[in-house]
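Since the structure comes first, as structure tokens, the remarks are kept for the end.
The values are calculated or read from the model by the stated rules, or taken from the named source; none is laboratory data. In this text the structure is predicted, and so the values were computed from the model without any measurement. Here Cβ is always computed from backbone atoms with ideal geometry, including for glycine, and neighbour counts include all displayed protein chains.
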Amino acid sequence: MKKIILLPLILMFIAGISTGQKLTKKDSKKILESVWNDVKTNDTASFRKMWAMDGQQWPYHTVPFDVQQIRINFQDFKSYFDTALIKNMKIEDVECDSVTINDPHRGFSKYYIRGWFKYSSTFKKGFGFYMDYLNSKWLIRFSPDYSNAKISGKK
């Protein structure tokens with residue numbers, strides 16, 4: 001009896017996985033480079049179009065995410081990466097991971113992507129986004145994350 005119930009559940013799970021949209025590292029790189037290009041060219045309109053704007057309330061906040069937060073994010077982004085802008089740095093490394101089950105963004109996004117700038121042989125800065133597939137395209141959810149990291153040893 002257990003086998004009869006278990007088999008359809010497994011098949012439904014596999015079917016659900018196979019029909020879902022997958023975000024590749026190559027696609028992630030295009031998205032990150034597009035965001036970076038918008039920041040470099042000061043193109044706030046294109047930057048804004050990359051965000052999911054469906055009135056969702058973001059985790060840890062009491063208000064829905066809206067256009068005002070995107071404007072603030074744009075200015076913060078430029079400020080945080082001012083050296084990368086001045087030096088016209090390129091994204092050196094890209095990460096693309098599925099959102100884990102215990103992440104509070106799980107209900108809003110499927111992937112987390114991050115791009116890194118190498119500032120020196122021992123230091124890098126990065127930015128990341130939670131991504132969701134809406135209206136046949138990948139869109140950013142909520143505010144970007146910013147990271148600093150020490151580079152240890154050679155790969």
Original post:
Considering only segment 76-97, how many residues are surrounded by 11 or more Cβ atoms within 10 Å (Cβ to Cβ) and assigned to a helix (DSSP H, G or I)?
Top reply: 7
Original post:
Name the pairs whose Cβ atoms lie under 6 Å apart, with the first residue in segment 132-147 and more than 13 Å from residue 110 (Cβ to Cβ), the second assigned to a loop (DSSP other than H, G, I, E, B) and not charged (D, E, K, R), and 6 or more positions between them or separate chains?
Top reply: 142/58; 142/65
**OP:** Filter segment 96-155 down to the residues that are out of contact with any Cys (no Cβ under 8 Å at 6 or more places or on another chain) and of a type in the set (Val, Ile, Thr), then identify the one that is modelled with the highest pLDDT.
**Re:** 122
**OP:** For segment 35-92, name all the residues that are in contact with a Lys or Arg (Cβ under 6 Å, 6 or more places away or on another chain) and free of Cβ contacts under 8 Å to residues at least 40 places away in the same chain.
**Re:** 70, 92
**OP:** Kindly indicate the residue of segment 130-144 that is in a strand (DSSP E or B) and out of contact with any Phe, Trp or Tyr (no Cβ under 7 Å at 6 or more places or on another chain) and also surrounded by the most Cβ atoms within 10 Å (Cβ to Cβ) among those meeting that condition.
**Re:** 138
**OP:** Within segment 44-61, track down each residue that is at pLDDT 75 or above and over 22 Å from residue 90 (Cβ atoms).
**Re:** 45, 48, 49, 51, 52, 53, 54
Original post:
Residues 41, 24: which one is under 23 Å from residue 138 (Cβ atoms), β-branched (Val, Ile, Thr), touching a strand residue (DSSP E or B) at 6+ places or on another chain (Cβ under 9 Å) and modelled with pLDDT of 90 or more?
Top reply: 24
Original post:
Of all the residues that make up segment 28-41, how many are of a type outside the set (Lys, Arg) and surrounded by fewer than 16 Cβ atoms within 10 Å (Cβ to Cβ)?
Top reply: 4
**OP:** Within segment 105-129, count every residue that is in a strand (DSSP E or B) and either without any contact (Cβ under 8 Å) to a residue 40 or more places away in the chain or not hydroxyl-bearing (Ser, Thr, Tyr) (or both).
**Re:** 14
